[in-house]
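The block underneath contains the structure these notes are about, expressed in structure tokens.
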């Protein structure tokens with residue numbers, strides 16, 4: 001292939017790769033995507049085909065004045081788009097950029113036209129990189145890098161062809177070396193340069209930490225819509241989102257530290273007041289948490305009752321952008337750390353950011369649950385302060401049937417925990433779980449659920465148990481969050497989806513504190529794991545996406561410092577091993593030299609050997625002392 005033809009082909013491919021990246025990263029209008037894609041196909045057919053197709057494509061052309069008129073029309077359209085259609089600078093600029101790309105593809109005559117196309121392609125690939133943090137951008141960028149190296153090399157080589165054309169016009173014979181073709185040597189040279197450029201790109205990537213992820217994402221994307229995590233939640237609000245399989249978060253946790261590995265609860269918000277149709281969080285006043293160290297916030301302490309707390313659960317959570325400012329974690333949060341300017345908490349232990357995040361965030365949490373203590377299994381009388389009963393023993397105007405039902409269920413029990421367990425068992429074994437229970441428009445949805453339909457989903461069960469507990473004098477509150485059941489064994493984390501949205505209750509016991517209980521029965525629907533191999537592949541790919549986000553998208557200055565420390569520690573380890581090997585090698589030689597009188601070694605050389613041996617001994621003694629002190633500190 002001749003250099004000129006190869007240059008034109010690589011220029012079209014460069015524009016095509018940048019167009020694909022921008023199409024995947026932004027929401028281009030359909031007409032603009034079709035127009036740009038069609039233009040690329042036409043110019044590509046004109047370049048690589050022969051016969052009728054190439055003849056037909058060659059007719060798609062205008063005069064230079066016609067192309068200039070189209071540029072003016074496109075510029076006027078940019079202002080109309082920015083002021084009245086898109087309403088933002090970035091989308092309007094991207095749309096105008098695609099119009100310029102189409103115009104320039106059909107008007108590649110002079111070398112400056114090629115330069116204009118390269119500038120347009122560069123802006124397009126940079127815009128796509130700022131609009132997305134997904135894994136697909138990596139192969140797109142790699143293709144753009146290869147095409148860019150080829151294009152710039154051919155652009156420089158074809159400069160000689162321009163000189164050859166000038167010599168021909170002047171009546172002189174061009175030099176043979178100016179008229180060349182793409183050879184195998186040039187092919188491997190260009191690909192090698194692309195590989196070197198890729199290595200330099202990686203080095204720059206890990207040298208400069210990320211400032212932000214997807215800087216322009218907020219203007220283009222919408223956060224995942226959730227329900228059940230605001231100040232007020234209507235009964236029946238969570239059910240509709242339980243059919244959405246969108247991933248909400250991924251929770252890394254040591255699975256062997258959990259007691260129930262197949263049911264991992266992720267707490268969101270709790271509610272204390274019920275008016276018969278909706279729950280309200282009247283303890284939602286938020287206070288700023290104190291910062292123990294940089295990025296480490298204390299939610300609650302042991303408060304002198306460490307013996308009543310359960311085992312610590314350490315989690316690392318990767319949260320997708322949601323339309324709520326709630327920070328989710330296993331109950332109950334003690335410490336939370338992340339790159340946050342501030343973290344807030346309400347009086348019920350829920351944790352928030354000051355505002356919803358427009359991008360994916362990662363944070364670490366230490367949680368401790370409240371196990372039921374033996375002291376709460378007795379039948380001693382319980383008394384609660386008025387400020388406590390005001391919030392957690394409140395009941396709306398209900399039919400007397402609910403109170404009689406709660407009394408009948410708990411008549412044989414004496415302790416608050418036994419009564420709560422009896423109500424939980426009654427709901428699980430006598431009612432049926434179903435998402436097809438439209439009770440939102442009913443005047444008394446709780447009575448409808450308990451006495452007529454006897455079918456519902458998590459909110460109905462949690463509300464029923466909380467209200468029945470309150471009617472028998474046991475404080476309770478409703479909690480919304482997620483119930484994770486999908487374990488990714490390849491990355492050791494839970495995948496939490498919208499369909500895992502859940503509601504349960506927390507019961508207050510005098511000695512144990514708030515204890516979590518779930519009265520919702522299993523759904524009974526089959527999981528439908530028909531293709532286990534496909535499911536395994538899906539989990540592997542999800543783990544790859546998680547690592548991409550962690551080591552590339554979320555790469556920060558602290559991560560950079562950790563890499564430097566690891567490299568430094570590795571270099572010191574290599575040096576220590578080298579000194580050990582040298583000492584092992586020198587010791588027998590030194591002993592031989594000292595013990596054999598026939599070997600006359602110059603004094604200065606002997607002193608040098610002794611000095612080297614002395615340094616090795618000093619080094620080993622100091623290393624031994626450091627390791628001994630370190631072992632004492634650890635123990």
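The values are calculated or read from the model by the stated rules, or taken from the named source; none is laboratory data. The structure displayed is predicted, hence computed values, not measured ones. Note that we place each Cβ from the backbone using ideal geometry, even for glycine, and neighbour counts take in every protein chain shown.
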Inset, instruction - Would you mind telling me which numbered condition in (1) more than 23 Å from residue 461 (Cβ to Cβ); (2) modelled with pLDDT under 90; (3) surrounded by 20 or more Cβ atoms within 10 Å (Cβ to Cβ) residue 239 fails? - result: (1)
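Working only within the stretch 266-291, note down all residues that are assigned to a loop (DSSP other than H, G, I, E, B) and either outside the structural domain of residue 253 (by TED's automatic domain parsing) or buried (at least 22 other Cβ atoms within 10 Å of the Cβ) (or both).
Within the stretch 266-291, the first condition is being assigned to a loop (DSSP other than H, G, I, E, B), and the residues that meet it are 272, 275-277, 281-286, 289-290.
Residues satisfying the conditions are 272, 281.
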Legend entry - Test: residue in the stretch 456-469 that is surrounded by fewer than 22 Cβ atoms within 10 Å (Cβ to Cβ) and either assigned by TED's automatic domain parsing to the domain that holds residue 374 or in a strand (DSSP E or B) (or both): no
Legend entry - Top-ranked residue of the stretch 58-72 - restricted to ones that are within 45 Å of the chain's Cα centre (by Cα) and surrounded by 12 or more Cβ atoms within 10 Å (Cβ to Cβ), ranked as modelled with the lowest pLDDT: 67
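If only one of 383, 370 is more than 21 Å from residue 286 (Cβ to Cβ), touching a strand residue (DSSP E or B) at 6+ places or on another chain (Cβ under 6 Å) and part of a loop (DSSP other than H, G, I, E, B), which one is it?
Numbers: 383 fails: touching a strand residue (DSSP E or B) at 6+ places or on another chain (Cβ under 6 Å).
None of the other options fit; the residue is 370.
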Inset, instruction - Would you mind stating whether residue 508 is assigned to a helix (DSSP H, G or I), touching a residue at least 60 places away in the same chain (Cβ under 8 Å) and over 18 Å from the mean Cα position of the chain (by Cα)? - result: no
Inset, instruction - Scan 147, 124, 92 and give me the residue that is farther than 27 Å from residue 194 by Cα and in the same structural domain as residue 188 (by TED's automatic domain parsing). - result: 92
Legend entry - Per-region count, the stretch 405-435, residues part of a helix (DSSP H, G or I) and touching a strand residue (DSSP E or B) at 6+ places or on another chain (Cβ under 7 Å): 4
